[in-house]
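Worksheet: the structure to be examined is printed underneath.
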Amino acid sequence: MEKSLIKINLNGCVILHDLIEDMGKEIVRQESPEEPGKRSRLWFPDDIIHVFEENTGTSSIQVIILDFPNFEEVVEWDGKAFKEMKNLKTLIIRVGSFSKGPEHLPNSLRVLEWRGYPSPSLPSNFHPKKLAILKLPQSHLMSLNLLIPKKKFVNMRVLNFDDCERITKIPDVSGAPNLEELSFGDCANLIKIHESVGFLNKLKILNADGCSQLRTFPPIKLSSLEKLKLSSCYCLKSFPEILGKMEKITVLDLQDTPVKELPFSIHN
């Protein structure tokens, strides 16, 4: 920072100096000047679309980030582009549309973020034991089949399914005991939350804002919880029972809910 090679912005993100960033990108380009599918990192939309549509991805690729503000293209692919990316650790897609969903996703993934994920479910052969962050906001998901109890995701820290209109229930999440953030805000058709959500000892943020059809919330015993957000849950008439001490709460949002009284257990 003293030499202005990096800076830290207001959100706590580390930003490289423009020249350092350009140098790093050129080093990666030189890994394979003619074929982007053999590089370790991809972030230019043209390179990513080429790899996706031509199925030229290889095990060299570790990171893919598609996040250009003006990118609005439809990716016409067969969904098989990830089959050979056996070392892909980070996949972030925040823009664009896809003609179909992926048939494969690498089990090597640590971070999977895909805004508008195009399929109703994740691939059945997707078993990412090292996955730490899963964010699929505004997706076409109908089922969170990945989270069946017999699968263990001890590395999972963040789950985000915000604005997924087809999701009707949050399933058993006991297979992810180290979750720190769980968000399913604005899931307009969500009507049921599994009781395991209330017993995640490491959970710090629980966001259910805007779940307008949700009528009940399971009892909670979340000793690490700092933020509980239930605003705009227009059908939620009762506050969840609190089964144990929750002394780290700093934010409790009940705005625009019909809750008329709090249970005696609120003292916890």
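Only the coordinates and a few stated rules stand behind these numbers; no lab work does. Since this is a predicted model, take the numbers as computed values, not measurements. Heads up, the Cβs are rebuilt from the backbone with ideal geometry, glycines too, and the neighbour counts pull from every protein chain shown.
What value, in deg cm²/dmol to 500, does the helix sum -39500 (n - 2.57) over DSSP H runs of n ≥ 4 give at 222 nm once divided by the residues of the chain? Don't jump to the answer; show the numbers that get you there.
On the way: 2 runs with 22 residues, N = 268.
Helix-only estimate at 222 nm: -2500 deg cm²/dmol.
Taking the C-alpha atoms of segment 117-264, how large are the radius of gyration and the largest Cα-Cα span, Dmax, in Å?
14.7, 46
Distance from the Cα centre of segment 216-268 to that of segment 153-171, in angstrom?
One Cα centre to the other: 19 Å.
Which lysines have a Cα less than 16 Å from the Cα of residue 169, not counting those fewer than 8 places away in the same chain?
The qualifying lysines are 192.
Once you've got the GNM for the chain with C-alpha springs shorter than 10 Å, pick whichever of 69, 118, 171 has the biggest mean-square fluctuation.
Looking only at 69, 118, 171, the largest GNM fluctuation is found for 69.
Report relative contact order for segment 49-117 in percent, whole number only (criteria: Cα-Cα under 8 Å, sequence separation at least 6).
Values: 142 pairs, mean separation 23.5, N = 69.
Reported as a whole number, the value is 34 percent.
Measure off 7 Å from each Cα along the Cα-to-Cβ vector at residue 56 and residue 78, then give the distance between these two points in nanometres to one decimal.
Result for the modelled spin labels: 1.6 nm.
I'd like the trypsin sites (Lys or Arg not before Pro) in segment 60-166 restricted to DSSP loop residues with at most 10 other Cβ atoms within 10 Å, sorted by number. Write down the numbers at each step before the final one.
On the way: sites: 80, 83, 86, 89, 94, 100, 110, 115, 129, 130, 135, 150, 151, 152, 157, 166; in loops: 80, 83, 86, 89, 94, 100, 110, 115, 129, 130, 150, 151, 152, 157, 166.
Hits after loop and neighbour filter: 150.
So if I take the centroid of the Cα atoms in segment 7-83 and the same for segment 129-149, what is the distance between those two points in Å?
23
Whole number please: convex hull volume per residue, Cα atoms of segment 10-87, in Å³. Present the calculation step by step, with values, prior to reporting the outcome.
Values: hull volume 9.2 nm³, N = 78.
Considering the Cα atoms of segment 10-87, their hull volume per residue is 118 Å³.
Any chance you could get the radius of gyration and Dmax over the Cα atoms of segment 136-210, in Å?
Expressed in Å, the Cα Rg and Dmax of segment 136-210 come to 11.3, 30.
Of 7/89; 152/237; 25/129, which ones are farther than 32 Å apart at the Cα? It would help to have the intermediate numbers written out before the result.
Details: 7/89 25 Å; 152/237 34 Å; 25/129 30 Å.
Over 32 Å apart, Cα to Cα: 152/237.
Counting only C-alpha contacts under 8 Å and six or more residues apart, can you give the relative contact order of the chain as a whole percent?
On the way: 695 pairs, mean separation 22.2, N = 268.
Once divided by the residue count of the chain, the mean separation gives 8 percent.
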